[in-house]
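Participant: Mind having a look at this structure? Questions to follow.
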Amino acid sequence: MEHFSNARMLRCTPEPMPEFCDVALPVPLDLAFTYRIPSGMQPVTGGRVLVPFRQQRMSGVVTALHDRAPKVQAKNIFSVLDAVPVLDEQLFQLGKWISDYYLAPLGEVFRTMLPLAAEFERAIGYRIASQGQMALHLAGTSGSSARSRKTPDEQLAEFRVLDYLAEREGVREETLRAATKVSKSLLAGMVRKKWIAREDVSDVRDATRTIKAALLKSAEGKLNSNQQVLIETLAAAGGRVAVETLQALPVPRTTLGTLVKRGLVEIVEEPVAFTAASKGTRPSPLDFQFNSAQRNALMRIEESVHAGKFSGMLLHGVTGSGKTAVYLAAMRSVLDAGRSAILLVPEIGLTPAVAADLHHVFGEEVAILHSALSDPERAEQWHRIKRGEARMVVGTRSAVFAPVSNLALMIVDEEQDSSYKQEETPRYHARDVAVMRAKRAGAVVVLGSATPSLESYFNAKKNKYALLELPDRVENRPLPEVEIVDMRLEFQETGKEQVISRKLVEEIRQRLERKEQAMVLLNRRGYSPVALCRSCGNRMECQNCAIAMTHHKRANRMVCHYCGFMAPVPKVCGECGSEYVYFLGTGSEKLEELLHGLFPQARIGRLDRDTVRGNEDFERALNALNEGELDLLVGTQMIAKGHDIHGVTLVGVVGADAALGFPDFRAAERTFQLLTQVAGRAGRGQTPGKVVLQTYFPDHYAVQYAAQHDFVGFYEKELRFRSWMHYPPYSALANVLVRSDKLDEALRWSGILGKWFEKTRHEGIRVLGPAAAPIVRLKRDYRYHFVLKSASREKLNATLRSMLVYASQEKIPRTQVIVDVDAVWLM
């Protein structure tokens with residue numbers, strides 16, 4: 001018996017912790033870094049640790065634990081941030097796949113997957129150095145400092161810093177500057193003189209959002225009128241009111257403090273309850289009878305979910321066919337089975353409306369994730385999901401990484417939308433990552449759209465995805481009639497360039513008379529897109545980008561929509577001094593002004609990036625339209641998709657075919673999608689809708705098929721062109737961009753890579769370039785690019801990897817060579 005007990009004790013003895021761990025850090029380097037694990041620390045694979053890196057402290061994710069000593073001396077990790085993995089095995093492996101497929105550093109991938117920036121506080125600290133102690137001592141004994149080029153005021157400031165630091169072990173920068181009233185440059189100078197030492201003291205912090213609340217303890221005793229107001233307010237609210245609310249009352253702020261001192265009120269700090277969306281008065285999206293096509297689609301999805309195996313589906317439904325209701329019904333069945341689902345939407349603006357729908361169906365089981373949340377809010381939502389408190393997740397592309405357990409269903413709404421492609425490293429496509437995540441989890445992925453991408457529809461036709469069709473609108477409502485207005489004839493008949501055609505003006509007038517609503521799309525912000533000198537032909541360009549600046553009349557400034565640079569509106573030409581500066585073209589701001597002039601009695605709103613600064617602005621504009629407070633809404637593509645406003649019976653499209661002139665093989669597809677999506681906003685209620693489509697290309701197949709609501713016809717024609725030119729879906733595509741703020745450097749580097757592509761001659765790879773990028777200078781960088789096409793993704797990936805190795809050998813910085821696999825834009 002004693003022998004059994006000893007054996008049992010031996011088996012229960014924990015294995016010794018490995019001596020080293022590999023850590024992926026968020027830096028642009030394609031490798032992990034090895035650190036020593038101090039005694040007593042227990043990092044876990046998939047968990048975060050705080051480590052020294054160069055002169056900084058960084059948090060990274062542990063990728064491996066081992067006993068292999070590195071060739072150089074390993075530094076110790078500072079601390080272990082997670083006792084359990086923040087990335088489970090599935091998400092950990094998904095991150096490695098993203099790193100490999102998109103050729104992105106693993107640490108940067110993990111940083112993108114973990115929205116926990118609020119839990120790490122970056123901070124700089126200072127301490128006095130030995131030479132600073134000596135300088136302070138000499139100044140005290142001699143009464144003056146050594147000879148210095150500093151002014152007397154600067155010398156006094158330096159000794160204020162030394163005096164302050166001499167009494168303390170170490171001080172954070174913001175505390176030191178507040179106490180001594182010195183600048184960052186003065187501190188930097190003292191560091192160079194080695195009087196003080198600068199240290200990175202970044203560390204973890206509690207990111208829990210809190211609020212101060214006042215609790216009513218007693219209402220006894222004599223009270224003056226101000227105190228009576230506060231006590232009555234607390235009593236009426238059940239004894240608890242936020243301090244901020246009480247301080248907004250018309251009583252002195254000191255009144256609350258007096259009540260606290262008397263013991264009548266207690267101040268406590270409580271976690272803030274996060275509200276994902278307001279339930280409002282919206283009807284439940286499931287409170288209607290599904291038609292046969294919806295029932296069939298739902299049944300197919302539920303059968304696949306119950307099978308417990310990976311399945312990819314494309315839900316192709318015309319605008320207004322009830323795709324959202326199918327999504328929510330499928331998610332409800334998943335929740336009833338005790339499992340989890342993720343719904344991705346393309347725009348932040350769509351998230352509140354969708355989240356409100358989910359609240360109707362799922363209550364507090366919903367979490368939202370998108371970039372408009374603050375860092376603490378994102379961390380809070382992430383932890384709710386991780387703890388299993390929210391099993392239904394809705395969000396934009398980053399929500400594809402939501403840490404749900406027992407994932408059963410992933411839905412990508414408007415799967416064709418380009419906003420699912422991230423524009424910074426890692427340049428992943430959320431739709432494709434969703435497919436891969438579902439495959440690894442044995443879940444079902446549903447891609448939904450009225451205008452699927454050619455790649456997704458091609459996959460469905462090749463039986464890689466199951467194709468589910470919703471061919472009719474709910475309640476058999478008709479698709480809107482589309483009337484094409486040829487703007488070339490409009491010019492010939494009126495003798496002048498018109499922004500709004502006579503036909504569209506008449507149709508809007510009729511809707512206003514009938515108390516109906518209209519939407520007008522112009523996919524261009526601002527007042528005028530070009531400021532041109534009529535004397536010398538010079539156009540006003542951004543100083544950072546090779547792009548014309550846009551005139552914003554209301555803000556009275558010129559703005560670059562790429563880098564955000566602003567300048568005054570020119571009164572004279574910057575080149576020749578002529579006062580004949582002419583503003584060309586029309587943006588949504590000018591269109592709104594024109595409509596106000598044509599319909600002075602109409603209530604007109606505008607929805608674009610200039611009027612929408614947050615979700616509240618977006619919701620306010622759409623709610624005003626939904627409640628009948630607006631007659632006419634003008635906007636960019638923000639108004640084109642996802643909105644279900646039943647009072648809109650007319651949609652006007654102004655200049656949406658301008659994209660047909662872009663140097664982009666997807667120009668026709670994007671135009672067709674935009675026209676179809678915005679047309680789908682009309683006639684979603686009981687009254688049939690109409691679309692007036694103004695165009696200078698009335699015979700273009702993208703315009704014609706959009707007018708006929710004929711996706712299949714467009715798909716077949718566009719597919720022929722793609723096959724001739726070896727573009728997706730017939731090949732994999734990547735864009736390699738070389739950039740530098742020095743023109744000669746960008747040219748030299750692109751030349752080096754161009755010669756390498758020529759010399760190595762990779763079989764099965766077509767290389768176009770190097771050539772100037774369509775926007776040759778952007779955010780002060782000169783840009784040249786290569787386009788690579790191949791029928792084999794494996795060959796393409798291997799070529800790109802070899803190219804990056806060669807670029808490193810040639811001392812081309814990794815950050816200056818951008819590899820965009822499955823590029824959506826070639827700009």
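Participant: How big is the dipole moment of the stretch 83-127 about its Cα centre under a simple scheme where the beta carbon of each Lys and Arg is +1, that of each Asp and Glu is -1, and everything else is neutral? Debye, nearest 20, please.
Facilitator: 240 debye
Participant: With the dipole of the stretch 335-384 worked out from charges on the C-beta (+1 for Lys and Arg, -1 for Asp and Glu) around the Cα centre, which of LEU343, LEU373, PHE362 lies farthest toward the positive end?
Facilitator: LEU343
Participant: Now a separate question. Percent relative contact order of the chain, based on C-alpha pairs within less than 8 angstrom and at least six residues apart?
Facilitator: Relative contact order of the chain: 9 percent.
Participant: Show THR760, THR396, THR254 ordered by accessible area, largest first, where the area counts protein heavy atoms only and the probe is 1.4 Å.
Facilitator: Of THR760, THR396, THR254, the descending order of accessible area is THR254, THR760, THR396.
Participant: Restricting to the chain, what percent of DSSP beta bridges are antiparallel, rounded to 5?
Facilitator: 55 percent
Participant: Taking LYS222 as the anchor, which aspartates and glutamates have their alpha carbon closer than 16 Å to its alpha carbon, excluding any fewer than eight residues away along the same chain?
Facilitator: Correct list for LYS222: GLU232.
Participant: Still on this model: Can you give the accessible area per residue of the chain, in Å², using a 1.4 Å probe?
Facilitator: About 48 Å² of surface per residue is accessible.
Participant: I need the phi-derived Karplus couplings for the stretch 316-332: 6.51 cos²θ - 1.76 cosθ + 1.60, θ = phi - 60°, integer Hz, Gly and Pro marked x.
Facilitator: Taking θ as phi minus 60°, the curve returns 9, x, 4, 4, x, 8, x, 5, 4, 4, 5, 4, 5, 5, 5, 5, 5 Hz for the stretch 316-332.
Participant: Only one of the values (1) 94, 62, 55; (2) 93, 90, 89; (3) 124, 73, 57 was calculated from this structure for Cα extents along the principal axes in Å; name its label.
Facilitator: Label (2) holds the value from this structure.
Participant: Mind checking which lysines have their Cα closer than 19 Å to the Cα of LYS759? Skip sequence neighbours fewer than 8 apart in that chain.
Facilitator: LYS789, LYS795, LYS811
Participant: On to the next question. What residues qualify as long-range amide H neighbours of ASP82, i.e. H under 5 Å apart, gap of 5 or more or another chain, H built at 1.01 Å from N?
Facilitator: ARG48
Participant: To continue, here is another question. Return the sequence-ordered ³J(HN,Hα) values of the stretch 587-597 in whole Hz as given by the Karplus equation 6.51 cos²θ - 1.76 cosθ + 1.60 applied to θ = phi - 60°, using x for Gly and Pro.
Facilitator: The phi angles translate into x, 4, 5, 5, 4, 4, 5, 4, 5, 4, x Hz.
Participant: Among MET549, SER588, ALA602, which residue has its Cα positioned farthest towards the positive end of the charge dipole of the stretch 549-642, with +1 placed on the Cβ of Lys and Arg, -1 on the Cβ of Asp and Glu, and the dipole taken about the Cα centre?
Facilitator: About the Cα centre, the residue reaching furthest to the positive side is MET549.
Participant: Right, next: Would you mind telling me the share, in percent, of accessible area of the chain contributed by carbon and sulfur at probe 1.4 angstrom?
Facilitator: 50 percent
Participant: Provide the packing ranking of 588-595, 484-491, 115-122, 233-240, i.e. peptides ordered by the mean count of other C-beta atoms within 10 Å per residue, highest first.
Facilitator: Order by mean packing, descending: 588-595, 115-122, 484-491, 233-240.
Participant: Give me the number: length gained by fully extending ARG387 to ALA567, i.e. 0.36 nm times residue separation minus the C-alpha to C-alpha distance, one decimal in nm.
Facilitator: Full extension from ARG387 to ALA567 adds 59.9 nm.
Participant: Grab the Cα-Cα distance for ARG502 and ALA219, subtract it from 0.36 nm times how many residues apart they are, and report the gain in nm with one decimal.
Facilitator: Using 0.36 nm per residue and subtracting the Cα-Cα distance, I get 94.8 nm.
Participant: Can you tell me which lysines have their Cα less than 29 Å from the Cα of LYS386? Leave out same-chain residues fewer than eight positions away.
Facilitator: LYS96, LYS212, LYS279, LYS309, LYS323, LYS421, LYS439
Participant: Subtracting the Cα-Cα distance from 0.36 nm times the residue separation, let me have the gained length for GLU174 to TYR701 in nm, one decimal.
Facilitator: Additional length available on full extension: 183.6 nm.
Participant: Taking amide H positions as placed 1.01 Å from N in the peptide plane, with prolines and chain starts having none, which residues 5 or more places from ARG557, or on another chain, fall under 5 Å of its amide H?
Facilitator: For ARG557, the qualifying residues are HIS552.
The values are calculated or read from the model by the stated rules, or taken from the named source; none is laboratory data. Note that the coordinates shown come from a computational prediction; the quantities given were computed from them, not determined experimentally. Note: ideal-geometry Cβ built from the backbone for every residue, glycine included; neighbour counts use all protein chains shown. SASA here: full protein model, heavy atoms, side chains in, ligands and nucleic acids out. Shrake-Rupley method; radii C 1.70, N 1.55, O 1.52, S 1.80 Å.
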